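All remarks here apply to the structure that follows.
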Amino acid sequence: MWNATVERQLTSTMTVEVAYIGNKASHGFAGDGPAYNANERSIVGFGVAGLNPDSRRPFFNRFTYPDCSVSQGVCGLANVPVADQLTCCSSDMGNYFGMDASSNYNALQLKVEKRISQGLQFVSHYTFSRARFHDNNYYSVDPAVGYGPMNVNRNHVWITNIIYELPFGKGKKYMSGANTLTDYAIGGWRLTSITGWSGGLPWTPSYKDCAQDEDTSICRPNLASGSFPLGVKRDSNGFLTWFTPIPELATNGATGGMFARPAKGALGNIGVNSFRGPRVFTSNMSLAKNFRVTERFRGEFRMDANNIFNHPVMGFNYTQGNLCIDCVGTDAGRITNIENNTSMRLLTFGLRFSF
């Protein structure tokens, strides 16, 4: 891990900070971990007549157990015929805890902070980051095929946190001479908010007929010239979409938009997680009022608003949505729900007494 930071004081209560943050990790998870398939089929040899597809696995018939009989299903035997001896491995081995992948993170961070004065304090920070890791698909065959942006990383994040004690009532800048009843109404209010804007989560495009071109865990088209507009809009049927599917890439080499169908037995060259989903805007706010009941008893009224502007976070990313770019007539490209772990506006009210 490494970092470098420069900080500058602008006023007696305000500072600005610029930082570079970096780290590199080794011997970690491939994908979201902890295990991956150590015996995937390679694309090399796909479609060759008479070739056993499982022979394209890294550990196909790599190990032989002379004392194990396939027909009897037992081991510890003597003189087992060679044709009946157990050999390994002709199937997936999806439970390998390799801990042999790497990742890295680099970020530029900007922060402006105002310490409390006249009842106001805030901190606003922006991060532009680049996080890369190894996806677990095809990792045992060629780790480079699945190396790309980390699926949980948002490359742009801007968060602002504000606390403001409203300047009304006794002891405050405005209406400091208010009587007790007026002070109960206007004094002691505190406003806090957390507002965030972020880039979208990554996703990887797939194409309809990839099963005819390969039998691996990779299903990506090639990059071609052309455009492929992304953005939240409604289609002719009234559905919210992130993209409009292109006509089916029906033959090898066919093109549409910015995509082309790969040759049979070849992997598409579009990188993993090379596209981004919808941006995120959220704003939470709290309004609280402290008041005195008696000399010993104090009270606090509080209202918390989650997603106060009721702005939906559109769900289209590596875990949500049909990512097929040429599946016309399906829900490909549609936004069918808000993003996981987000909600629409939620108001909570509370009253607390302390003594």
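The values are calculated or read from the model by the stated rules, or taken from the named source; none is laboratory data. It should be emphasised that the depicted structure is a prediction, and the values quoted were computed from it without experimental measurement. Ideal geometry is used to build each Cβ from the backbone, glycine not excepted, and the neighbour counts take in all protein chains shown. Accessible surface is based on the protein model in full, side chains and every heavy atom, while ligands, DNA and RNA are left aside. Shrake-Rupley method; radii C 1.70, N 1.55, O 1.52, S 1.80 Å.
Odds and ends about this structure:
- Criterion applied to Y96, Y105 was being of a type in the set (F, W, Y), open to solvent by 70 Å² or more (accessible area, probe 1.4 Å), over 30 Å from A263 (Cα atoms) and touching a residue at least 12 places away in the same chain (Cβ under 8 Å), and the one residue passing it is Y96.
- Candidates in region 184-221 are the residues that are outside any loop (DSSP other than H, G, I, E, B) and open to solvent by less than 40 Å² (accessible area, probe 1.4 Å); of these, the one that is farthest from C324 (Cα to Cα) is T192.
- Residue within region 46-62 that is in a strand (DSSP E or B) and either modelled with pLDDT under 95 or in contact with a Gly (Cβ under 9 Å, 6 or more places away or on another chain) (or both) present: no
- Set F301, F291, F297, F239: member being of a type in the set (F, W, Y) and within 25 Å of G333 (Cβ to Cβ): F239
- Members of region 129-156 found to be assigned to a strand (DSSP E or B), open to solvent by less than 40 Å² (accessible area, probe 1.4 Å) and not aromatic (F, W, Y), listed by number: S129, A131, H134, G148, P149
- Looking only at residues of region 246-260 that are out of contact with any Lys or Arg (no Cβ under 9 Å at 6 or more places or on another chain) and either assigned to a loop (DSSP other than H, G, I, E, B) or β-branched (V, I, T) (or both), we find that the one that is most open to solvent (accessible area, probe 1.4 Å) is P247.
- Filtered residue count, region 288-320, keeping only those that are among the aliphatic types (A, V, I, L, M) and in contact with an Asp or Glu (Cβ under 8 Å, 6 or more places away or on another chain): 3
- Subset tally (residues that are open to solvent by 50 Å² or more (accessible area, probe 1.4 Å) and within 20 Å of N273 (Cβ to Cβ)) for region 319-333: 1
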